[in-house]
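**Q** First the structure, then my questions, so here it is.
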Amino acid sequence: MAGNTKTSEKIIANLKGLRNHLLPDELPILTFPGIWDGGQQQHSTPCEIVLTNQRLLGYFFVSFPRERLFLESLTLLQITNVSLRQKAFEPLFRELMISEGERKVYIRAPRKKIELLYSELREAIDLYMPPTQATFETGPADQSSQTAPVYGRQDIQRPFESSPLAILLLFVGGLVLETAGVLIWMATRSSQTGLPLCIAGFLAVFTALMVRRQQFKR
C-alpha cells in the first residue's frame, strides 16, 4: 500500500493538477470517484476521493471552459472517529463518516470502494501514527500524545419513503404517468381521460424533487 511509488505517480499523472496541491513527501495511495459531503455546503460534491500517506482528500479540478477547483482535506493524524455506515434501502452505496475533532465528513461510494477505503485508511493511520511514548518530563500523562481513532460500523435505519430508491421510483413513475397521459390524450382527444394522468405525474415528479432538495439542506 504505502510507499508504492509507481502507484503514486500513476495517480498523480491521472489527476490533473493534483501534484500542485500535495504537501512535501505526500504520496497518493488510493483514489476512486465518490461523493464528498463536508457539511459546510448546501449539497454534496461528486469528486475524486484521494487517500495519501498524510491526508484524505476530496479533489476536483477542470480548466475548461473555466477553471474550477474543489479541494477539501482531513489530516490522518487528526482523525478521531471512522464509522462505516450502511443505510436501509441503499443496497449499492455505503457511507464513511470521518470525524476530525468536531468536524464531520461523509464520503459515499459503491460498497466495495468504501470497504477498501475503510481498510486502507485504518492501515495508513496505524502505519504513520507515531507511537505513544510516556515521559516523566511532562507529568503523569502527556496531553499532546496522539490518540488512536475509534473505528466502528453502523446500520442506519431510514424510512423507505425518504430513501434514494423511493425518490427515484417516484420521479420515474411520475414521468411515465405524464407521458402516458399525453399519449392517451392525443389518441382519444379527450382531456377527461389524459389530463388526470398528466396531473398525477406532475405531482409525483414535483414531490420527488422537493424531497431530494430537503435532503440536500439537511
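**Q** Using 7 Å Cα-to-Cβ label points, what is the Ala13/Leu209 separation (nm, one decimal)?
**A** Roughly 4.5 nm, to one decimal.
**Q** Report the label-to-label distance for Arg68 and Phe93 in nanometres (one decimal), using points 7 Å from each Cα along the Cα→Cβ vector.
**A** 1.8
**Q** Measuring from label point to label point, each 7 Å out along Cα→Cβ, what is the Thr179 to Ser119 span in nm?
**A** Label at Thr179, label at Ser119, 4.1 nm between them.
**Q** Per 0.36 nm of contour for each residue apart, how much would the distance between His21 and Glu102 grow if the chain were fully extended, relative to their Cα-Cα spacing?
**A** Details: separation 81, 0.36 × 81 = 29.16 nm, distance 2.45 nm.
That works out to 26.7 nm of additional length.
**Q** Enter the mean projected area of the convex hull around the alpha-carbon atoms of the range 164-216, in nm², rounded to one decimal.
**A** That works out to 3.2 nm².
**Q** Return the subset of Lys16/Lys112; Lys6/Lys104; Lys10/Lys113 for which the Cα-Cα distance in this structure is over 23 Å, preserving the input order. Mind dumping the intermediate values first?
**A** Values: Lys16/Lys112 25 Å; Lys6/Lys104 32 Å; Lys10/Lys113 18 Å.
Pairs exceeding the cut-off: Lys16/Lys112; Lys6/Lys104.
**Q** Do you know the relative contact order of the range 164-216, to the nearest whole percent, from alpha carbon pairs under 8 angstrom that are 6+ apart?
**A** Details: 57 pairs, mean separation 23.5, N = 53.
Relative contact order of the range 164-216: 44 percent.
No value in this document is a laboratory result; all are computed from the given coordinates. Note that the structure is a prediction, hence the values are computed from the model and not measured. Cβ atoms come from the backbone with ideal geometry, glycine included; neighbour counts cover every protein chain shown.
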